[in-house]
Amino acid sequence: MNGAVRVENLEFAYGPRKVLQGVSFAISQGESVGLAGPNGAGKSTLLWCLMGLLKPAAGRVEIRGRPGAVFQNPEDQLFMPSILLDVMLPLENRGLPRAEARERALAALAAAGLEKAAERPAHELSLGEQKRAALAAALALQPDVLLLDEPTSELDPRSCRMLSAHLNRLACARLISSHHLEFLAGTTARLLILDEGRLVAAGPTRDLLSDEDLLLRHGLK
Amino acid sequence: MRLPAAWAGIVVFGAVLAAVEILVLRRAPFIALRMLAVAAAGLLLFRLAPLARLAEWGLARPPARKTVLYFLFLAHFSRIFLEEILSLYHAWKLAAPNRWNRSWGRSLACATASLFPRTLRRAERFYAALLLKGMAQ
């Protein structure tokens, strides 16, 4: 496989309800791809399949290298007494010595603009800071592919801008699932539109977002 | 204050559990009492102990690491549980403002029952996060 992600004819069902049907796409290394679709389209399920947390009923998912992920609710990912320990934990689990893990975690938090909050627990931070802390924890692992589920949900415009700037500085491949079309326009070059478990459109983000009919048809406007 | 409302939920949950033990299992409500005792002890520990320092100290020592992580996960999940109780309590209070009628009791029963699937969903996402952090395999 040359790219970072390859998905072929992916199928997934919750009992009798088919959630993903024949989904195929690829992401090149370093490419940033958006994933849009109405509620219940299967976006989160697709991300969970890519993370390896759900086993597809059929089809193939290949990820080159290590994936990193940020959930919609960052509180589910941050549970240590300080965000510094949250970022250090996966590094230590992968065998990094404590001092090195601490150094890398501090660098990741500084890159996210959170160096002053490093010793604070996640529940004392604003949602925007929590999202950036979860992103820092994912990035500290130096993932080859970053998967983000609704990174802007409940964020104010300033936090969205900060997150967008942070994401645009990254070199790894990214798949960003969001309803926030303006955010996707600013952070992704290519867009996938999912509706009722099927991939209904794929192409340059600007082109798809300027197609009013397409957006209306699939509940994005 | 968030805590008293959350505690009201724990007490209601404990009372339901006690009722099940007494009426269905026909025995003294040991599980409910134990749950309340653990919740009270946990709260006391949380308030009195410098947990962040203790956790950092324990995590740096391999023999204590697993135990410290276990208690951290337990504390995190307890917080999730309290949050869910609190949000359900608020939703229930808004939905059933008139007390002591039939819908008041029914809505309380439904809110208490919906606590389980909601908490399970949060637990599932928490477990997924543990997997991604290289734990829980």
- Message: Being facing another protein chain (nearest Cβ under 8 Å) and more than 17 Å from B:Met135 (Cα to Cα) is the filter here; which residues of segment A:76-91 pass it?
- Response: A:Pro81, A:Ser82
- Query: Within segment B:119-137, restricting attention to residues that are surrounded by 17 or more Cβ atoms within 10 Å (Cβ to Cβ) and more than 7 Å from chain A (Cβ to nearest Cβ), which residue is farthest from A:Met51 (Cα to Cα)?
  - Reply: B:Thr119
- Candidates B:Val38, B:Val68, B:Val20, filtered to the one that is free of Cβ contacts under 8 Å to residues at least 60 places away in the same chain and under 20 Å from A:Ser82 (Cβ atoms): B:Val68
- Note on the structure: Conditions (1) in contact with a helix residue (DSSP H, G or I) (Cβ under 7 Å, 6 or more places away or on another chain); (2) at pLDDT 95 or above; (3) within 25 Å of A:Asp211 (Cβ to Cβ) -> A:Gly197 fails only (1)
- Note on the structure: Within segment A:134-156, residues assigned to a loop (DSSP other than H, G, I, E, B), in contact with a Leu (Cβ under 8 Å, 6 or more places away or on another chain) and not aliphatic (A, V, I, L, M) come out as A:Pro151, A:Thr152, A:Glu154
- Query: Got a sec? Which of B:Phe30, B:Phe46 is loosely packed, with under 14 Cβ neighbours inside 10 Å and either of a type in the set (Val, Ile, Thr) or more than 18 Å from B:Phe77 (Cα to Cα) (or both)?
  - Reply: B:Phe30
- Task: Give me a count of the residues in segment A:58-77 that are modelled with pLDDT of 90 or more and either of a type in the set (A, V, I, L, M) or in a loop (DSSP other than H, G, I, E, B) (or both).
- Result: 7
- Task: Evaluate the following for A:Met51: is it within 26 Å of A:Arg132 (Cα to Cα) and under 17 Å from the mean Cα position of the chain (by Cα)?
- Result: yes
- Message: Among (1) surrounded by 14 or more Cβ atoms within 10 Å (Cβ to Cβ); (2) not in a helix (DSSP H, G or I), there is one condition A:Ser44 misses while meeting the rest; what is its number?
- Response: (2)
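From the list A:Val61, A:Val70, exactly one residue is within 30 Å of A:Arg120 (Cβ to Cβ) and of a type in the set (Val, Ile, Thr). Which is it?
Numbers: A:Val61 fails: within 30 Å of A:Arg120 (Cβ to Cβ).
The match here is A:Val70.
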- Query: From the list A:Arg98, A:Arg66, A:Arg94, A:Arg104, which residue is surrounded by fewer than 22 Cβ atoms within 10 Å (Cβ to Cβ), under 29 Å from A:Arg161 (Cβ atoms) and within 14 Å of another protein chain (Cβ to nearest Cβ)?
  - Reply: A:Arg66
- How many residues are of a type in the set (Ser, Thr, Tyr), surrounded by fewer than 22 Cβ atoms within 10 Å (Cβ to Cβ) and closer than 29 Å to A:Val7 by Cα when one looks only at segment A:109-157? 1
- Query: Do the conditions hold for A:Leu109, that is, is it facing chain B (nearest Cβ under 9 Å), within 20 Å of the chain's Cα centre (by Cα) and aliphatic (A, V, I, L, M)?
  - Reply: no
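The values are calculated or read from the model by the stated rules, or taken from the named source; none is laboratory data. Here the structure is a predicted model, which is why all the values come from computation and not from measurement. Note: ideal-geometry Cβ built from the backbone for every residue, glycine included; neighbour counts use all protein chains shown.
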